[in-house]
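Report on one structure; see the data block that follows.
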Amino acid sequence: MTTVATNQSAHRHSEPPPVPSRGAGAAITTVELGKTYRSRGGPVVALRGLSMEVQRGELFGLLGPNGAGKSTTIGILTTLIRPSSGSAIVAGADVLREPVAVKRRIGVVSQANNLDRELTVAENLEFRGRYFGLRTSAARRRARELLEWDGLAARAEAMVTQLSGGQAKRVAIARALMHTPEVLVLDEPTAGVDPQTRIRLWKTIRELRDTGLTVVVATHLLAEAEDLCDRVAILDHGRLVVCDSVAGLTGRAGGDRVLTVLFDGPVDQIAIPHWVRRAEVDGAQVRASAANTDGLLSELIAAGAALGRGVRDVTTLLPSLESAFLALTDKEYRE
Amino acid sequence: MRMSILRTGAAMLARELHVLRRNLLQFAVNTGMQPLLAVFVFTYVLPKIGVMRGAQGFGTILVPGLVASTTVLTAIAVVSTSLMRELSFGRAIEDRMLAPLPVWGLGVQKIVWGALHAFLAGLVVFLVVYFVHEPGMRPSVHVANWPLLVSCLVFIPLMAASVGLLVGTILEPSQVSVFINLAMIPATMLGCVYFPWAALRAIPWLQVGVLINPVVYASEALRAVFTPDLPHMPVAVVLSVLVAATAGVGWLAIRSFQRRLLG
């Protein structure tokens, strides 16, 4: 066990594998992308006119609660789902007209573990390389390089069914890099992994961005998008809520703090201080945002007391993607 | 473009062969056990206990029948069950869908692999049926028509693998056992495996009814190849059906495959 750990930490210091050089410009452009699924219960609209751009070399987050349309977007960008309307250009190729060209230029790490269960770790990588036209010897060499870089060389001969969830995800990332893609797409890369593995995966993803690779991460975790990404697009109910840098987004909410106070009964008539930027009263709950919430809590408590209400619970949200989501959609973000 | 599609398809076949080689013993047992038992019961046990007296030539009838039914059923089972598994379990199919191949190319690759696998299974069965017999009772088979044999080796597995792809795209995994009982077993029992089609003259409705069964044409075609002296359907008829069914079912299967994969 100790030996493996030592090996791994040694390998972790090796450079990420080289990727092709890229110019500036958009790596992904979508225009009015729409998707409607036909189902027995009638049509289900999953995506409504999504237009966005991902720049080359950036680490881009596709953020939204479950059912927001992230997986559909990822499916369309990776040619696995046909859009019902609109268009998408990925790494210079049209997903509908040139799906094979798109596939040559992207690496994809799916949310589910779809490693080839009848093959070993190394074989998973080698055959992926061969599907992309690498000769057997070249595929073997690149597989070895990637497994060493990812700290999985010691597991090369294991069947993938013997891997832990985190290891399987790392193998999937290494496999997606076999054909040196221009764009790496990861769908919920840290779903179902422990916190330690999550931090390690984030580090790996940042390393890849630092090599110049364009990385798109779909996630429903606000913290993941906030800590990891350069820019994010927030989706909700199949619509683009906003697309901006993380810093820009937290600033867009005015850098506000959001104070939520829950009283022990309805407070519809509560007096809100005039200097509060936005406020919303919903039954027993008051939510108010302001650049500085100092003093706001005591004023709200007093205003509630004037109505004969006591305070049950108080939460404060610092300027963040969560407060930005709240400010932009008037809804709480539910992961 | 076309070259790279072929190279990707070839790499996928290499992967299938690699897995098959690793599971070779299992493949041989799975493929050979049933025909071995059929030969044992029909050409040894039954004549020995007096149930089928005078059936010593039965081995000769069984050679084309068992090779045909195993080839057809193996192709259908291999393609349909592997596809259903890949479509359900974490959508493992996405791994292949992301390879630089159009979706129709992936469907063709699955048909070609199913056909190749079924051909190998047919070969195992031929060796079992031909070489396992009572002393001096070797089935009297010889290749009477080489071009027909080659056509059979190409079209029987391809036709059956196309059926497999179609079935795999239509059925849900929970319906497999129903499919086996309702389609696969009747297809074997009524596939002119144990008797030539002409012998069904005595039961006219059945003779007509079995014509929807692809195993019938496979058995009859191989009968024309290996045992031309026994009654068999006219070569032109079986060949036409095999070629037309391969093209027709193949086209339907690829379309259904594309629709199923690209939601």
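For the stretch A:104-162, trypsin sites (Lys or Arg not before Pro) meeting the loop criterion (DSSP other than H, G, I, E, B) and having at most 11 other Cβ atoms within 10 Å: A:ARG135.
Remark on the stretch A:240-335: ratio of C-alpha radius of gyration to 2.2 N^0.38 Å is 1.10. Electrostatic tally near A:MET159: other residues with Cβ closer than 13 Å to its Cβ, Lys and Arg +1, Asp and Glu -1, net -1. Hey, how many Å between the Cα centroid of the stretch B:57-87 and the Cα centroid of the stretch B:124-173? Centre-to-centre (Cα) distance: 7 Å. Rounded, prolate or oblate: pick one for the stretch B:141-257, where a ≥ b ≥ c are the square roots of the eigenvalues of its C-alpha gyration tensor, a/c under 1.5 means rounded, and failing that, prolate if a/b is larger than b/c, else oblate. Cα axes put the stretch B:141-257 in the oblate bin. Placing R0 at 35 angstrom, the Cβ-Cβ distance between A:GLU207 and A:LEU297 gives a FRET efficiency of 0.25 after rounding to 0.05. If you wrap the tightest convex hull around every Cα atom of the protein assembly as shown and split its volume per residue, you get 218 Å³. The value for the stretch A:61-110 of Rg(Cα) / (2.2 N^0.38 Å) is 1.13. Here the Gaussian network model covers chain A, with springs between Cα atoms less than 10 Å apart; of A:HIS274, A:HIS237, A:HIS220, A:HIS274 fluctuates the most.
Rank the residues A:MET178, B:MET189, A:MET52 as a footprinting-exposure proxy: fewest other Cβ atoms within 10 Å of their Cβ go first.
B:MET189, A:MET52, A:MET178
Among the helices of chain B, those built from whole DSSP H runs whose Cα atoms reach 24 Å or more along their own axis and whose mean Kyte-Doolittle hydropathy is at least -0.5 are B:2-22, B:58-88, B:103-131, B:146-170, B:235-261.
Look at where the Cα atoms of the stretch A:274-288 and of the stretch A:193-247 average out, and the two centres are 31 Å apart. Dipole check for chain A: with +1 at the C-beta of Lys and Arg, -1 at the C-beta of Asp and Glu, and the Cα centre as origin, the magnitude is about 1280 Debye.
Taking Cα centre as origin and charging only the Cβ of basic (Lys, Arg, +1) and acidic (Asp, Glu, -1) residues, the dipole magnitude of the stretch A:152-227 rounds to 260 debye. For the stretch A:131-214, chymotrypsin sites (Phe, Trp or Tyr not before Pro) are listed when DSSP marks them as loop and at most 11 other Cβ atoms sit within 10 Å of their Cβ; the list is empty.
Distance from the Cα centroid of the stretch B:22-41 to that of the stretch B:176-199 is 19 Å (rounded to whole angstrom). What does the C-alpha gyration tensor say about the overall shape of chain A? Classify as rounded when a/c is under 1.5, otherwise prolate if a/b is larger than b/c, or oblate. The shape class here is prolate.
The antiparallel fraction among DSSP beta bridges confined to the protein assembly as shown stands at about 70%.
Report summary: the helix-based calculation at 222 nm, which adds -39500 (n - 2.57) for every DSSP H run with n ≥ 4 and divides by the residues of the protein assembly as shown, gives -16000 deg cm²/dmol. Placing unit charges on each Cβ (+1 for Lys and Arg, -1 for Asp and Glu) gives the stretch B:2-262 a dipole about its Cα centre, and among B:PRO100, B:GLY136, B:VAL39 the Cα reaching farthest toward its positive end belongs to B:PRO100.
Taking other C-beta atoms within 10 Å as the exposure proxy, A:THR36, A:THR190 rank A:THR36, A:THR190 from fewest upward. Among B:PHE131, A:PHE127, B:PHE195, B:PHE119, the order by Cβ neighbours within 10 angstrom, fewest to most, reads B:PHE131, B:PHE195, B:PHE119, A:PHE127. From the Cα gyration tensor of the stretch A:76-230, with a ≥ b ≥ c the square roots of its eigenvalues, which class applies: rounded if a/c is under 1.5, or else prolate if a/b is larger than b/c, or else oblate? Oblate shape, in that a/c is at least 1.5 and b/c is the bigger or equal ratio. Bridge orientation summary for chain A: considering DSSP beta bridges with both residues in this region, about 70 percent are antiparallel. Between A:ARG278 and A:ARG141, the C-beta separation translates, for a Förster distance of 60 Å, into a calculated FRET efficiency of about 0.55.
Where a number appears in this text, it was derived from the coordinates with a stated rule and is not lab data. Here the structure is a predicted model, which means the values were calculated and not measured. Heads up, the Cβs are rebuilt from the backbone with ideal geometry, glycines too, and the neighbour counts pull from every protein chain shown.
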